[in-house]
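Read through the structure below, which is laid out as structure tokens, and then see the notes.
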Amino acid sequence: MADTSDIKKGFKMLIDGVPFAVVDHQFVKPGKGQAFIRTRIKNMMTGAVIDRTFKSGEKVEKADTEERTMQYLYPEGDTRVFMDTQSYEQLSLTNEQLGENALYLLDGTEVDIMLFEGRPIGVTPPTFVELVVTETEPGFKGDTSSNTTKPATLETGLQVNVPLFVNAGDKLKIDTRTGSYVERVKG
Amino acid sequence: MLQVLRLRAKAMEAIRQFFSERDFLEVETPAIVPSPGLDVHLSAFEVRDPKGSPVGWLATSPEYQMKRLLSAGAERIFQLCRSYRAEEHGRHHEREFTMLEWYRAQGTSDDVIRDTECLVAHIADVLASADAGSLSSPWDRITVNEAFDEHAGEIIDPADEARFFQTWAEAVQPQLGKARPVVVTEWPASMASLAKLNDNGTADRFEAFFRGVELCNGFGELTDAAEQRRRFERDRAHRIDAGLPVYPIDERFLEALELGMPASGGNALGVDRLLMLLTRASSIQSVMPFPAEEL
């Protein structure tokens, strides 16, 4: 059993059977009174962020979570199959579980998968991925300005706004945190 | 780093100048003391000699020794010293921090509240703080019950200490002193600590808050040795019940009260917190040259 002295940013604890990650925490001690730890914690299942206050020294239950680096292999019906790069163990996530992250997956893409009691609950794709444009209006060769943009569809189905000079077949660097275009890269 | 050193040097100079102009004597008391205070919610560092025998504790505040100086005839005294508290760490807490403590013999808590208002305004001026304009005296005063009523919508029975402090920490304190500092008075008698009681039965204790941060804690001082001993024994019993380390009662402090300590007002102010607030820093660590975590 852990206690409140273990609480720091990123600490994962179990509250009523649900894993929460500490986003922010503050030690407070009113006057000559009892000390508390005020925390802002994120429900790792739903992403909801809540405030919770613990008495200093109170026991907290560490959540059995583990982050593993896994490689995307192939789609299978409504799911995607991943393989642990160390143990070669495979597991599947549904497109629903993956959400927008499914749009960053190419064969061999390595992602971090958060497991809670052995079950996958979250996916972090690489910060940047490189994807090829499958569809966009033809570009204007001379226009290198990036102020004006147009929509483009990438090989995974992801839609992004790109500068006018981008053509179908170009490879683009995409920031997965914002889902936006960064630059054109050599293909 | 140099900026922090200059800030602190300037502030210390301003504090010394303020008290010297008001005819206060700067005093020094020991860091290692025979009793660090029995307050149930304070935890002290034990000091041992090289053979491992206990020699005392690091002072959690210089209160007992400074009050002995009052009994010995000192009238207006102040001290800038390091105080030490175990198991306290956060943006507003460090295991060692700089305490400014002062006492006025023949003074009241009102007198030291006025000192506090003028002192803080003076330091803000010297440091050219962006807050200098909002610190002029008098600061607003509210009672503990008024603070609960205003910010939590209910008054909480201090007998339910856990709920009292949790509500205070979550709902009340963060709202206190948002634009200007506020002084909270009339604490429950059970939290009187070393303060005398008011005529209405509350403790003659006050705390000032600025932007939700406690800046100081002051008392109209208890001078009744028998009552002080009762409180020590009660706190000691609480410590035993709670399985906390039990510290000795400082008999020399009680002797000094028995011999006669003048009616006095006293206050203890966290210098690091004040500097944090006046520079709009986000933690006391950012106004300290060596916070514990960077040692």
With only Lys, Arg, Asp and Glu charged, each at its Cβ (+1 for the first two, -1 for the last two), find how big the charge dipole of region A:65-124 is about the Cα centre; round to the nearest 20 debye. 40
At R0 = 60 Å the Cβ-Cβ FRET efficiency linking residue A:149 and residue B:259, nearest 0.05, sits at 0.10
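Multiplying the sequence separation of residue B:86 and residue B:282 by 0.36 nm and subtracting their Cα-Cα distance, what value in nm do you get? Provide the component values of the computation, followed by the final result.
Working: separation 196, 0.36 × 196 = 70.56 nm, distance 2.20 nm.
Additional length available on full extension: 68.4 nm.
Size of the dipole of region B:174-295 about the Cα centre, Lys and Arg at +1 and Asp and Glu at -1 on the beta carbon, nothing else charged, in debye to 20?
On the way: 14 positive and 18 negative charges, 95 e Å.
Rounded to the nearest 20 debye, it is 460 debye.
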To the nearest 0.05, how large is the calculated FRET efficiency for residue B:12 and residue A:107 if R₀ is 45 Å and r is the Cβ-Cβ distance? 0.10
Just the number: Rg to Rh for region B:160-199, Cα atoms, Kirkwood Rh, two decimals. 1.02
Distance between modelled label sites at residue B:155 and residue B:53, nm, 7 Å Cα→Cβ extension: 5.4
How are the alpha carbon pair distances in region B:184-272 distributed across 5 Å bins from zero to the largest one, expressed in percent? 3, 13, 19, 20, 20, 17, 7, 1, 0
Could you tell me the calculated FRET efficiency between residue A:115 and residue B:1, based on Cβ-Cβ distance and R0 = 51 angstrom, to the nearest 0.05? 0.75
Name the trypsin sites (Lys or Arg not before Pro) in region B:39-101 that are in a loop by DSSP and that have at most 14 other C-beta atoms within 10 Å, would you? B:51
Taking every residue in B:189-195, how many Cβ atoms of other protein chains lie within 10 Å of its Cβ, on average? 1
Dipole moment magnitude, nearest 20 debye, chain B about Cα centre, only Lys, Arg, Asp, Glu C-beta charged: 780
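Can you give me the Kirkwood hydrodynamic radius for region A:29-187, using every pair of distinct Cα atoms, in Å to one decimal?
Answer for region A:29-187: a Kirkwood hydrodynamic radius of 18.6 Å.
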Give me the net charge for the shell around residue A:71: Cβ to Cβ below 14 angstrom, other residues only, Lys and Arg +1, Asp and Glu -1. -3
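Please work out the Cα convex hull volume for region B:2-294 and give it in Å³ per residue.
It is 138 Å³ per residue.
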Amide N of region A:103-136 lying under 19 Å from the label point, which is placed 7 angstrom from the Cα of residue A:87 along Cα→Cβ: A:110-124
List the aspartates and glutamates whose Cα lies under 20 Å from the Cα of residue A:12, skipping any in the same chain that are fewer than 8 positions away. A:3, A:24, A:51, A:58, A:61, A:64, A:66, A:67, A:112, A:117
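Averaged over B:157-170, how many beta carbons belonging to a partner chain fall within 10 Å of each residue's beta carbon?
4
Every number here is computed from the coordinates shown, using simple stated rules; none is lab data. Just so it is clear, the structure is predicted and the values come from calculations on it, not from any experiment. Cβ atoms come from the backbone with ideal geometry, glycine included; neighbour counts cover every protein chain shown.
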